[in-house]
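S.K.: Have a look at this one before I ask anything.
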Amino acid sequence: MNKVLENLIHIFKTPFQSSVLVFAVILFIILLAPLVFRRIKVPGIIGLILAGVIIGPHGLNLIAKNSAIDLFSTIGLLYIMFLAGLELDLKGFSNYKHKSLIFGFFTFIIPFIIGYPVCRYVLEFSFETSFLVSSMFATHTLVTYPIVSRLGISRNEVVGITVGGTMLTDTAVLIILAVISGSVKDELTMHFWIKFTISVILFLLIVLFIIPKVATWFFRNFEGEKNSHFIFVLAMVFLAAFLSELAGLEPIIGAFAAGIALNRLIPQTSSLMNRLEFVGNSLFIPFFLISVGMLINLLVLLEGPHALIIAVTLTIVALLGKYIAAWITAALFNYNSASKNLIFGLSSSHAAATIAVIMVGYRIGIVDENILNGTIVLILVTCLVASFVTEHSAKKIVIMEKFAAPALPNLRDQKILVPIYNPKNMERLIDLAIGIKNPLNRFPIVSLSVVEDDQQSRQKLIEAKKTLEKSIIHAAAVDQDVEIITTISQNVPSGIKRVATEIFATEIIIGFALKSQFTDILFGNIIKYIVENTNQAVWVCSISPNLNQRKKIVVICPRFSDREYGFTFWLDRIFRLANTLKISIDFLATPQTFSHIKEYIQTTKIGVPSNHIEFTDWSDFMAISPFISSEDLVIIILPRIGGISYKINQEGVPRLMAKNFENYNFILIYPNEAEHYPEMMFTDDFDKNFIDEGLNQLSKKAKSLKDILLRK
């Protein structure tokens, strides 16, 4: 009995020595802290930081700040910076990069200008100490970035400006840190500057140019290895972080650069992005936040007035400098108060770079324990303030965006039908459906398999259902729902039409067969039947699995396509797809059509870069060749017969694309038509299924004839 008691005492002796127990405690904190604090209207991030204070060496001392905690903490910090670069809207950022530069300048220089005289003349620090601490005021860590990511505004302009400014100011501060460190060690020679410049240039060349090419090759050649994609991305992130360290910069710069390098290759709606965000937000980032709390020692405030004065002064200067920078930026660009507060909330939390600056200063002897402890208090207070401000202002922006955004052109609920005929195309068609789907849409994507009614129909139904169930698993990886339908029909086209009518589908996405079958020549193929017998938008796709590697979208619009009923419907979907793939759009259209496209862009405030190339000669459709490449996604708008923009020569476009652009990624869109109810061609007692049955039998005879001819 005593031995058992001794074992229990040993196991629960603080700090815990059992790695299993340590990990279990941290997991319970990650699970419970956000839930408890959100119940009392406090951001979950604060709960994780305060939990770190309680369990850390300066609290109950349940868990020691050892190498294992430091490892997970480092991974979490790098993950925050990586996701910030990965989720950055690069196309949108190119439109407001000057704003980001201006904010980066203000958020660096203003805290520095305020901090230096306070440190030098009020706190009476030395020149080197004052310079280092003042540069520390200019840093900030995106501790509250998970809040804006969770609320779905990570691609907001204000967020993009702040993230860009973060990297500019942190890079500048970390360079200053390297310079001060070299100055103290008397290493600030010409050799130091030459070595530093060359190493930074090599780092940028490898991360921004070589890594994207390697990633493109890897994703293309190992398309089916989904788990390998995740490991590959993590390997690239830590490789970039290590290269950054070799170049004399902090690893967080490398992680952010890796996010930018892989930004275009990992779409927001992809299963890979979902896995990256899930692992980071569920495990590594909470680990980092807990480790930040473990650094904080609140007892330092009781050691005397000097420590308290330094802690309060540093905290006030840090918050004041960041608030003034946010206020000037918002005033300069006419942002509202919610946007100003969001800039302040994102840029006011000090953690990673701040710790790096102070710890380096502490190691080289220009920062004492009072400054170190004051900085820890600064980290706690700024993280608390930043969390409250970011959560409050981000929710305001979400509410304002919902009220200010114009109504989508499609007033009905979007419901996408994806008939699957070739299982090899299933994943890419489902991915396209996810890419054009409105995130707020409440209906699942419908995956359909139609089996012809014959003697093997029962077995075919079982096999079809097993195939479609894979689409559920594939879509679940990106938190999308797929409903599967298997049905028997006299023929495949009529079955697709019937299901599309029954479920009130708004779009039908089907694969494009580059080589027509013998029966298609006799009776017209599935695509032609669906286009002629439905009024839903029909997307006919010949696309590769690596759709995210396209350089841009090229949309070819017929003359007067802007006058068609379905104009704003397909335009909305294409812009959403471009936003998902993070690429721009070239419109080959008449000036009149593009003027309506620009009007739509202005009305809906879409941030996708769009260019106009005048194109009117549909009589020579091959004239599009100079404007497209195999690295583009080509989308061709083909109106139905009777449409305002319909021309007879458009009928040959599918054949021309199959013949001349077989290795290209292209989509043929037949826009939806207004619902109409023409007079019935048949009397009520005439069974139209009789015709379908006759055609079906004739088709079977033709197939038998084809087999006989082939055997001969």
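S.K.: Would you calculate the separation in nanometres between label points at Arg38 and Glu124, each defined as 7 Å from the Cα along the Cα-to-beta-carbon direction?
M.R.: The answer from the label model is 5.1 nm.
S.K.: Put +1 on the Cβ of every Lys and Arg and -1 on every Asp and Glu Cβ in segment 416-675; which of Ala433, Gln549, Thr593 then has its Cα farthest towards the positive end of the dipole?
M.R.: Gln549
S.K.: Going 7 Å from the Cα of Glu245 toward and past its Cβ, which residues in segment 363-399 have a backbone nitrogen under 18 Å from where you end up?
M.R.: Answer for this model: 363.
S.K.: For a quick check: sort Thr189, Thr375 by the number of other beta carbons within 10 angstrom, fewest at the front.
M.R.: Placing the least packed residue first, the sequence is Thr189, Thr375.
S.K.: Any chance you could run the full-extension gain for Ile473 through Val20? It's 0.36 nm times the residue separation minus the Cα-Cα distance, nm to one decimal.
M.R.: Stretched out fully, the Ile473 to Val20 stretch lengthens by 159.9 nm.
S.K.: Taking other Cβ within 10 Å of each residue's Cβ, how do Phe288, Phe218 sort, fewest first?
M.R.: Phe218, Phe288
S.K.: Considering amide H positions built from the backbone, and no H for Pro or chain starts, which residues 5 or more places from Ile613, or on another chain, come under 5 Å of its amide H?
M.R.: So Ile613 has HN proximity to Phe587, Leu588, Ala589.
S.K.: If the limit is 22 Å between Cα atoms, which of Lys226/Lys552; Lys97/Lys396; Lys528/Lys647; Lys466/Lys528; Lys213/Lys424 go over it? Spell out each step's value before the answer.
M.R.: Numbers: Lys226/Lys552 24 Å; Lys97/Lys396 24 Å; Lys528/Lys647 16 Å; Lys466/Lys528 28 Å; Lys213/Lys424 26 Å.
Flagged as over cut-off: Lys226/Lys552; Lys97/Lys396; Lys466/Lys528; Lys213/Lys424.
S.K.: At 7 Å along Cα-to-Cβ for each site, give me the label-to-label distance between Val312 and Met190 in nm.
M.R.: Result: 5.2 nm between the two label points.
S.K.: Another question, then. Please find the FRET efficiency linking Leu31 to Ser228, where r is the Cβ-Cβ separation and R0 is fixed at 22 Å, and quote it to the nearest 0.05. Could the numbers behind the result be given before it?
M.R.: Working: r = 29 Å, r/R0 = 1.34.
Plugging the Cβ-Cβ distance into 1/(1 + (r/R0)^6) gives 0.15.
S.K.: Simple spin-label model, 7 Å along Cα-to-Cβ: Lys551 to Ala331 in nm?
M.R.: 4.5 nm
S.K.: Ranking Ile80, Ile445 by Cβ neighbours within 10 Å, fewest first, what do you get? Mind dumping the intermediate values first?
M.R.: Details: Ile80 28, Ile445 25.
Ordered from fewest to most neighbouring Cβ atoms within 10 Å, Ile80, Ile445 come out as Ile445, Ile80.
S.K.: If you find the alpha carbon centre of segment 50-90 and of segment 484-498, how far apart are they in angstrom?
M.R.: Each part reduced to its Cα centre gives a spacing of 53 Å.
Bear in mind these aren't lab numbers, they're just calculated from the coordinates by the rules spelled out. No experiment lies behind these values; they were computed from the predicted model shown. Here Cβ is always computed from backbone atoms with ideal geometry, including for glycine, and neighbour counts include all displayed protein chains.
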